[in-house]
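Accompanying notes for the structure given below.
Any read-out appearing in this document is the output of simple, stated calculations on the displayed coordinates, not a laboratory observation. This structure is a prediction, so every number in the text was calculated from the model and none was measured. Cβ atoms come from the backbone with ideal geometry, glycine included; neighbour counts cover every protein chain shown.
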Amino acid sequence: MKIHVTSRHEQLTEGLRDHIEDKIRRVERYLGKIKETHVILNFERKMHVCEISLNAKNLKLSAKALSHDMYQSIDVAVQRLETQAQKHKDKRVGRHRMDPPRDLGSVVHGLIPTPVEGDGVKVVRSKKYAVKPMTVEEAALQLSSSKDEFLVFSNAETEYTSVVYKRKDNHIGLIEPNF
C-alpha cells in the first residue's frame, strides 16, 4: 500500500505520519488490499484540515474533516472512510441475503397450514357457481380473459370436472381427475 502525505503550511512530523499509517490500516480490514492513499494536511483559518483519498480495487473513497487539532482531524476523516468502507462491504457481501427466509404465509405458497390440535379448520369464504361443460381450449380462453387465477369446468370430452389455472410463467395448467 502506498501512502502519499502532503502537508501544507505545516511541518510533517514522523509521529503524524505514523498516526496516519496506523489509521489507514484500520480501513484496510474492510476493503482488503488498498492500492494507493493520498492524504493532504492543511492549516487554514486557524483550523486543521485533513483530506484523504483512497483507491482500492474498483473503489475510490474520499473524506474530509477539520478541527482545531490535526490528530483529531485525521481521526474523524478516517472514521468517515471506515463508515463508507463498511457500507461498501455490506453491499458486496450481501448481508441481507443471509437473513433467514421470512414466513410469507400460506396464501403465497398455495398450502393450507396444518391445524393445531384443538383448533378447527375454518372456511372463510365459499362461492357457488354452475360448472359449465366446455373443452379445454374454451376454458383456457375464458381464463386468460378473466382476472381469476383458476377456472373449474366440466370437460365436454371426458365429462369429468377439471380445473385450468394460471401459472407463474404466464402459461395455463390443467388438472384432470384420474380414476
Any aspartates and glutamates whose Cα falls less than 14 Å from that of Lys127, other than same-chain ones fewer than 8 residues away, would be Asp148
Find how much the distance from Lys132 to Leu174 grows on full extension, using 0.36 nm per residue of separation minus their present alpha carbon separation; answer in nm with one decimal.
13.5 nm
Order these by the 10 Å Cβ neighbour count, fewest first: Lys127, Lys89, Lys57.
Lys127, Lys57, Lys89
Simple spin-label model, 7 Å along Cα-to-Cβ: Lys87 to Tyr165 in nm?
4.5 nm
Compute the acute angle (0 to 90°) between the alpha-carbon long axis of helix 70-93 and the principal axis of greatest extent of the alpha-carbon atoms of the chain; round to the nearest 10°.
20 degrees
From the cross-link list Lys33/Lys87; Lys35/Lys89; Lys122/Lys168, the entries with a Cα-Cα span beyond 19 Å are Lys122/Lys168
Kindly provide the pair-distance distribution of the chain built from C-alpha pairs, with 5 Å bins from 0 and whole-percent values in order of increasing distance.
1, 6, 11, 11, 8, 6, 5, 4, 4, 4, 5, 6, 7, 7, 6, 5, 3, 2, 1, 0
Hey, how much of the P(r) for the range 2-94 falls beyond 15 Å, as a percent of Cα pairs?
56 percent
Relative to the longest principal axis of the chain, what angle (0 to 90°, nearest 10) does the C-alpha long axis of helix 14-31 take?
10 degrees
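Taking 0.36 nm per residue of sequence separation and subtracting the Cα-Cα distance, how much length would be gained by fully extending the chain between Ala156 and Val124, in nm to one decimal?
Values: separation 32, 0.36 × 32 = 11.52 nm, distance 3.14 nm.
Taking 0.36 nm per residue and subtracting the Cα distance, the gain is 8.4 nm.
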Along Cα→Cβ, 7 Å out, is where each label goes; now give me the distance between the ones at His38 and Val5 in nm to one decimal.
1.8 nm
If the cut-off is 17 Å between C-alpha atoms, which lysines fall inside it for Lys166, apart from same-chain ones fewer than 8 positions away?
Lys147
